1. Give the order of B:S162, B:S127 when sorted by the count of other beta carbons within 10 angstrom, beginning with the fewest.
2. Taking 2.2 N^0.38 Å as the expected size of a compact globular protein, what ratio does the Cα radius of gyration of segment A:64-210 give against it, to two decimals?
3. Counting partner chain Cβ atoms within 10 Å of every residue's Cβ in A:24-31, what's the average?
4. Which value at 222 nm does the protein assembly as shown reach when only helices count, each DSSP H run of 4 or more adding -39,500 (n - 2.57), with the total divided by all residues and rounded to the nearest 500 deg cm²/dmol?
5. How many partner chain Cβ atoms sit within 10 Å of a residue's Cβ in peptide B:104-112, on average, as a whole number?
6. Tell me, what is the FRET efficiency for A:A62 and A:T110 to the nearest 0.05, using R0 = 25 angstrom and their Cβ-Cβ distance as r?
7. Taking each label point as 7 Å beyond Cα in the direction of the beta carbon, state the distances from B:D130 to the same residue in the other copies, shortest first, in nm.
8. Using the 10 angstrom Cβ neighbour count as an exposure proxy, how do B:H141, A:H55, B:H49 rank, fewest first?
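Readers should treat all values here as calculations from the given coordinates under stated rules, not as data from a laboratory. The shown structure was predicted, so the numbers you read here are calculated from the model rather than taken from an experiment. Reconstructed Cβ throughout: ideal geometry from the backbone, glycine too, with neighbour counts over all protein chains shown.
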Protein chains: 2
Amino acid sequence: MVKQDRAIRTRQTILAAAAKVFEERGYQAATITEILATAGVTKGALYFHFQSKEHLAQGVLAEQDQRLSVPARTCKVQEIVDTVALHAYRLRTDPMVRAGVRLSLDQQATDLDRSGPFRRWSGVIRSFLDKAQAQGELLPHVVTAETADVLVGSFAGVQAMSQIISCYQDLGHRTSELLRHLLPNVVLSSVLTTVDLSADRGAVVFAEVTGLPAEVELVAAPG
Amino acid sequence: MVKQDRAIRTRQTILAAAAKVFEERGYQAATITEILATAGVTKGALYFHFQSKEHLAQGVLAEQDQRLSVPARTCKVQEIVDTVALHAYRLRTDPMVRAGVRLSLDQQATDLDRSGPFRRWSGVIRSFLDKAQAQGELLPHVVTAETADVLVGSFAGVQAMSQIISCYQDLGHRTSELLRHLLPNVVLSSVLTTVDLSADRGAVVFAEVTGLPAEVELVAAPG
């Protein structure tokens, strides 16, 4: 067990180093040599866990999936909002999540399959929407696969715009505005009035999930 | 006048070469030497028009603004839809527009101010929304600056997702879905029923603006 614990820790050390190097250099310019030096592990240890640069990148991309869980809510739409808001919060505060999102949008990573995070996110949101639909929370015309794709795609752009304009400082605000624009055409208004869409929702959920104090966001008005 | 024409043509040749090199290499790895070789112009000609790599990139970024005009419509919401749809169409078919959008999302271009396209696009959409509001086309709660930012940010992500998943083949469809999700909470339903939101709207507007035949999109269903 102790040996296994150590292997898990080594794997996390390598992934953290890979995340850092991918974020600084981009996928194309990043090298295993630099990741090795940053991680401070042996070549053997790295290749035991990851066979190639692409495997390292897929490892970083997959890490954001490990951080998706939010507490179950009676209202499934609130679970969707909490999932998106928590992801936005982590994007601002967790280097691993940030590196994963940046990799998935790295246009020079031509030999890396970047569709995985989009498809996985879309699948997660769709299964929430299916549950919400089964509970009668959604408007009758909603096609959950279409709405999931719109939510995932639009969030990817809103986070990029927030990064470029404010280094993520306004991400909670922009995420809240996106949901306020999208959800009234997806969710029954009687349900939506009970949902917390506020800009600090991600920080609230983070504190609830982790028991840690959350960083406050400096909300900026749009340009 | 002939001399001026030639200068304009040379400038366009250089910008097209810069667009190609930036798209292939990314901003950071692109060099003026490669842009020179691709353009087939003299160093003197290039530096006459652009003093640095950053000036070349800003030139490429600005080119998409030159292609924003759509025919005036009685319904200003239709003008917004047409602007977004035409941009989506050009993104799929015009290398200069694609290079500009990719540059604006190039995360390794750390020393390039990439906020310009987002701010300019948001300003264009906001001014359309202000006109639509003055004409009574919008719902009473709409704050045009917020809605413009949501539209621009979300479109940036939807196009990235379309590029990654289908090489832009489903962009018209995804753009239409995004607008179908966003606009019912922005536009009066009596106005929205008169607006053409179909997936081939961009191709229709392109043909109208240029008099050229438009490429048909292969519409793909979401994952």
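1. Details: B:S162 25, B:S127 14.
Ranking B:S162, B:S127 by Cβ neighbours within 10 Å, fewest first, gives B:S127, B:S162.
2. Working: Rg = 14.7 Å, N = 147, 2.2 N^0.38 = 14.7 Å.
Output field value: 1.01.
3. Values: counts 2, 2, 8, 1, 5, 4, 0, 0.
Mean number of neighbouring Cβ atoms from other chains: 3.
4. Numbers: 22 runs with 298 residues, N = 446.
Taken over the protein assembly as shown, the calculation gives -21500 deg cm²/dmol.
5. Values: counts 3, 9, 5, 12, 11, 1, 1, 0, 0.
For peptide B:104-112, the averaged partner shielding equals 5.
6. Computed FRET efficiency for A:A62 and A:T110: 0.80.
7. 4.7
8. Details: B:H141 8, A:H55 13, B:H49 18.
Neighbour counts put them in this order, fewest first: B:H141, A:H55, B:H49.
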